[in-house]
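Colleague: Next up is a structure, given as structure tokens.
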């Protein structure tokens with residue numbers, strides 16, 4: 001994709017808007033805004049009465065009423081933090097609360113309870129969430145941290161790529177390869193509703209894609225767990241991404257218009273009739289196809305989405321949220337457009353839909369439950385033809401859908417003891433119509449055609465039980481078990497999980513976790529041959545040890561070490577050196593395999609460092625570094641480096657907010673080169689095409705990757721609206737990072753395929 005042309009156009013359109021709007025800003029006034037929110041217990045979700053809500057270093061604040069509600073009005077527009085304290089609860093500081101002119105900003109604040117067991121210890125201000133403090137390998141981010149992240153375009157997965165657990169893949173992808181695992185191993189949930197893939201042009205059987213479709217302006221927070229996660233999560237081996245959408249404005253109608261590199265769109269939100277709740281609705285569309293002729297690019301992709309959420313209060317203890325998302329991705333290249341390079345021509349269209357509801361019920365001070373029923377579907381039609389003879393080379397028409405019930409329960413059974421339990425059941429319906437024409441693979445061998453029609457109707461189920469115990473203030477232990485069943489292979493698996501948290505001092509926490517995890521292979525692999533249906537679930541065992549140290553109230557240092565062991569990995573006997581499960585990364589789909597084996601093994605280990613500083617005043621930052629090694633044993637018994645084995649990773653993210661209207665942020669990434677199979681130069685020259693040297697399979701490494709992204713935000717405050725204009729520069733010093741090496745048929749020589757160069761992007765967000 002010609003992203004430079006896309007960005008140039010976005011810059012031009014944004015520049016026109018900028019010239020129009022700058023004069024208006026000079027006449028803008030600075031009216032007051034309001035923060036209105038509710039304080040609830042993190043353990044029971046019940047309102048907290050009498051909580052003190054204060055803006056640090058000011059005399060402004062409020063006290064929550066009997067419903068946990070509070071209001072702070074007549075605030076100058078800009079960014080604020082709230083410090084919340086209450087007897088019997090740990091203090092919490094909620095940062096990045098944006099107050100807009102003549103608007104109400106609504107927040108929900110959860111206060112963790114203090115344990116009554118043992119002696120009290122001094123608790124520092126809670127800039128980090130209670131889950132971050134108690135769970136291992138867990139990082140939480142709020143909506144503003146995601147929105148302003150340089151180089152991310154508001155894409156959750158790209159923001160998470162700055163964390164030490166996530167390997168570096170490619171600029172044009174946001175695949176999450178966590179601690180040596182593949183992108184198939186990450187689980188996404190939104191408001192307790194599973195979403196298989198949160199990206200346009202989704203990678204089949206995986207969680208990756210080029211860019212995400214979730215509306216960052218709807219997000220309340222994201223929690224990322226990179227390992228050792230609890231028994232409530234199943235059917236994934238590496239990581240969990242829990243996303244929470246906020247509620248819409250319950251007081252008044254408001255909207256937003258935005259334009260950026262990904263496209264343009266808008267949103268509207270407001271109260272439901274009779275004050276029973278709120279709604280949010282948004283739509284976005286790319287404009288690449290609209291400027292296709294101007295950019296002189298053939299086959300511009302088209303994508304867009306509609307999504308919404310409604311919250312309905314049945315009574316003070318029962319709330320229902322309804323969620324709906326539809327994302328459409330389209331790509332078309334005609335025969336005439338393909339004539340320039342002789343590449344394939346054809347079209348692709350993918351429609352992703354998710355619809356469901358979640359019922360949260362509070363159990364009168366003892367606990368709460370979340371029960372969701374949802375339906376998601378991915379319907380894709382893809383056909384491409386060879387330019388040389390116009391014969392069909394690839395067809396992949398499929399429907400993958402699931403009806404899922406999830407029930408999660410949390411109850412305090414005694415002081416210092418919490419029981420979590422629940423069930424999950426899914427009915428999956430799959431339909432495949434696939435044709436892969438005969439081809440010459442990277443070694444020059446002819447691969448036969450593969451064609452299959454397959455329909456799956458499968459059932460999956462899971463149940464879990466977990467017990468947390470705090471026998472003394474300094475110690476918390478959690479022990480759990482998860483059982484899962486899949487009708488495809490008849491597997492019944494048991495997955496024990498355990499963790500321990502030791503509060504060595506007021507500033508130091510030591511954590512450890514152990515867990516066994518199982519995951520059914522992607523259905524597209526099982527569908528290729530009936531014998532694949534009997535393949536067992538893949539398995540991973542996690543061992544994690546780490547420590548958190550609070551350098552200051554708003555700055556935390558985390559160090560973790562881990563070991564992961566894999567078994568039952570799929571292997572291809574026809575290509576014994578290949579790691580099949582890694583083949584879904586990047587732009588490639590799972591290939592033509594046929595019958596697979598399940599005797600592959602894998603292992604990874606690493607050490608990670610994460611330094612986080614929250615925005616307490618005018619500066620925030622994150623520094624992450626890791627050393628990682630990841631390998632697998634192929635069908636020949638040889639251990640090889642996995643595709644995502646960077647060896648080392650370094651990310652530095654920081655920002656400065658000198659005033660309420662200006663913000664500057666930067667992000668630097670450094671990663672070791674990943675393994676690849678080099679070209680066989682002699683054979684490539686003889687055949688005049690790319691032929692890989694299988695004698696050096698995954699034996700060489702790309703050059704190190706590094707890049708710098710810079711972003712500048714400027715807010716303009718109008719009487720009843722708020723305008724944000726930002727300039728983001730990707731790869732600011734124009735580093736020529738190598739994506740791959742290939743054989744140039746015209747020049748008849750090897751060349752490097754480069755990743756993204758320097759790209760300026762101008763974006764506009766107008767909150768009405």
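Colleague: Helix 3-26 versus the longest principal axis of the chain: what angle, 0 to 90°, nearest 10, using Cα atoms?
Modeller: Tilt relative to the chain: about 30 degrees.
Colleague: Let me ask another. Between residue 514 and residue 276, what length in nm is gained on full extension when 0.36 nm per residue of separation is reduced by their alpha carbon distance?
Modeller: Residue separation times 0.36 nm, minus the Cα-Cα distance, leaves 81.3 nm.
Colleague: Out of the DSSP beta bridges found with both residues in the chain, what percent are antiparallel (nearest 5)?
Modeller: 95 percent
Colleague: 7 Å from Cα along Cα→Cβ at both residue 700 and residue 399: what's the point-to-point distance in nm?
Modeller: Placing both labels 7 Å beyond Cα along the Cβ direction yields 4.7 nm.
Colleague: Explain nothing, just the number: relative contact order of the chain, from Cα pairs under 8 Å at least 6 residues apart, as a whole percent.
Modeller: Relative contact order for the chain comes out at 12 percent.
Colleague: Now for a separate question. Grab the beta carbon distance between residue 392 and residue 650, set R0 = 41 Å, and tell me the FRET efficiency rounded to 0.05.
Modeller: About 0.35, to the nearest 0.05.
Colleague: Here's another thing I want to ask about it. Which FRET efficiency value, to the nearest 0.05, do you get for residue 32 and residue 373 by plugging their Cβ-Cβ distance into 1/(1 + (r/R0)^6) with R0 = 56 Å?
Modeller: Efficiency at R0 = 56 Å is approximately 0.85.
Colleague: Along the Cα→Cβ direction, 7 angstrom out, place labels at residue 749 and residue 457. What is the inter-label distance in nm?
Modeller: If labels sit at residue 749 and residue 457, their model points lie 6.1 nm apart.
Colleague: To continue, here is another question. Can you compute the helix-only [θ] at 222 nm over the chain? Use -39500 (n - 2.57) per DSSP H run of at least 4 residues, normalise by all residues, nearest 500 deg cm²/dmol.
Modeller: Using -39500 (n - 2.57) per qualifying helix, the result is -2000 deg cm²/dmol.
Colleague: Kindly rank 501-509, 405-413 from highest to lowest mean number of other beta carbons found within 10 Å of each residue.
Modeller: Answer by packing, highest mean first, reads 405-413, 501-509.
Colleague: Taking 7 Å along the Cα-to-C-beta vector as the label spot, tell me the residue 617-residue 427 distance in nanometres, rounded to one decimal.
Modeller: 6.0 nm
Colleague: Rank the residues 235, 175 as a footprinting-exposure proxy: fewest other Cβ atoms within 10 Å of their Cβ go first.
Modeller: 235, 175
Colleague: Can you tell me the length gained on complete extension of the stretch residue 719 to residue 599, counting 0.36 nm per residue apart and subtracting the Cα distance?
Modeller: 36.6 nm
Colleague: For the residues 415, 381, 258, 96, what sequence is obtained by ranking on other C-beta atoms within 10 Å, fewest first?
Modeller: In increasing order of surrounding Cβ atoms, one gets 415, 381, 96, 258.
Colleague: With 10 angstrom as the radius, rank 735, 720 by how many other C-beta atoms surround their C-beta, starting from the fewest.
Modeller: Lowest count first: 720, 735.
Throughout, read-outs are computed from the coordinates displayed, never taken from laboratory work. Just so you know, these numbers come straight off a predicted model, no measurement behind them. All Cβ positions, even for glycine, are placed from backbone atoms using ideal geometry, and neighbour counts span all protein chains on display.
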